[in-house]
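Read through the structure below, which is laid out as structure tokens, and then see the notes.
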Amino acid sequence: MRSRAGGPVPPWGLAVTAMLSVQLGSALSVDLIGQVGAAGTAWLRLSMGAVIFLIIARPPLSRVRRPDVPVLLGLGVTTGLVTIGFLSALEHIPLGTAVAIEFLGPLSVAALRSHSARALIWPGLALCGVILLTEPWHGDVNLVGVMYAALAAIGWGIYIILTQRIGDRFTGISALSLTIPVAALTAAIIGIPQAAGHMNLGVLAVAAGLAVLLPVLPFALEMLALRRLTATAFGTLMSLEPAMGLLLGLIVLHQQPSPIQFAGILLVVLAGAAAQRGGRRTRSFEPAHSTPELGSTP
């Protein structure tokens, strides 16, 4: 059956599948982190992803102008650092909590770009949700994990801004064949020493599978979804990602949240959805990966 949007799968289905792929890839990365470390996992996953992107998409080197170079390099470096930061957070805190904290980055970007003081309510509401998730009144907050997730949140906000600039110049996944190799090289600085001595064919096979789940499959699905969804609609759907992180953390990693933590995730999701109202850009564009407001974890 074909959808009314003209394709076999509705665009919201593509976006939701992309989010599930992101969070499943994150959950399944935990075992690999235990073998080669967070930076080692980031390096292997990004390297495998870079190889796949270079195979399926020729880098548009002839279209790169001199002003594009620092943005492309910045986006690649940011992608590598965000990936390391997020995977490092997973060593210390549950997946749902890490995603919710990281989500504060793009949510803040969306609020600040609305040029409305009222829009700042939504990052504040999400922060309240994060407080419920971390339950600091118990006195056992893992500050290291929260710090890594917060650094990933800052990086994700920068990533959104740089992705928008690159998305205005390059369509489809062509820019990814330029930026993901840079991300892999960035992660290699810490990742290679961390993974050294732990490499084998099994580890490489797992890393290749994880690279398909993240970044390859979600980036391709989001590209298709964005062709048939407004940025606002896509960003609203992306606000479900923290909830998916919590769900897959429960199913795959057996991380049981408390009722208060469930309430915290609900606040984050509501804040993300509300932040998208009126958030469409006046200039149309087809970003290389994500919307100007929100996007998936690199």
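The values are calculated or read from the model by the stated rules, or taken from the named source; none is laboratory data. Since the model is a prediction, treat every value here as computed from it, not as a measurement. Glycine also receives a Cβ, built like all others from the backbone with ideal geometry; neighbour counts cover every protein chain displayed. What goes into the accessible areas is simple: the full protein's heavy atoms, side chains included, and nothing from ligands, DNA or RNA. Shrake-Rupley method; radii C 1.70, N 1.55, O 1.52, S 1.80 Å.
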Handout entry: Any hit, the stretch 108-117, residues being closer than 30 Å to Ala184 by Cβ and free of Cβ contacts under 8 Å to residues at least 60 places away in the same chain
Key = yes
Handout entry: Residue selected from the stretch 127-149 under the condition in contact with a helix residue (DSSP H, G or I) (Cβ under 6 Å, 6 or more places away or on another chain) and of a type outside the set (Phe, Trp, Tyr), by the criterion most open to solvent (accessible area, probe 1.4 Å)
Key = Cys128
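Of the residues that make up the stretch 212-222, is at least one surrounded by fewer than 19 Cβ atoms within 10 Å (Cβ to Cβ) and in contact (Cβ under 8 Å) with a residue 24 or more places away in the chain? Spell out how you get there, then give the answer.
As a first pass, look at the stretch 212-222 and keep what is surrounded by fewer than 19 Cβ atoms within 10 Å (Cβ to Cβ): 212.
Narrowing further to those that are in contact (Cβ under 8 Å) with a residue 24 or more places away in the chain: 212.
Taking every residue of the stretch 212-222 in turn, at least one turns out to be surrounded by fewer than 19 Cβ atoms within 10 Å (Cβ to Cβ) and in contact (Cβ under 8 Å) with a residue 24 or more places away in the chain.
Return the only residue of Leu14, Leu73, Leu24 being in contact (Cβ under 8 Å) with a residue 40 or more places away in the chain, open to solvent by less than 30 Å² (accessible area, probe 1.4 Å) and of a type outside the set (Val, Ile, Thr).
Residue meeting the stated conditions: Leu14.
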Practice task
Would you please list the contacts, defined by Cβ atoms under 7 Å and residues six or more apart or on different chains, that run from a residue in the stretch 186-209 that is in contact (Cβ under 8 Å) with a residue 12 or more places away in the chain and within 12 Å of Gln35 (Cβ to Cβ) to a residue that is in a helix (DSSP H, G or I) and among the polar types (S, T, N, Q)?
Solution key: His198/Gln35; Val203/Gln35
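Residues to consider are Ile131, Ile166, Ile173; find the one that is closer than 25 Å to Leu270 by Cβ and touching a residue at least 40 places away in the same chain (Cβ under 8 Å). Full working, then the answer.
Numbers: Ile166 fails: closer than 25 Å to Leu270 by Cβ; Ile173 fails: closer than 25 Å to Leu270 by Cβ.
That would be Ile131, the only listed residue that is closer than 25 Å to Leu270 by Cβ and touching a residue at least 40 places away in the same chain (Cβ under 8 Å).
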Problem - Every residue from the stretch 150-171 that is open to solvent by less than 10 Å² (accessible area, probe 1.4 Å) and more than 14 Å from the chain's Cα centre (by Cα) - result: Ile166, Gly167, Phe170
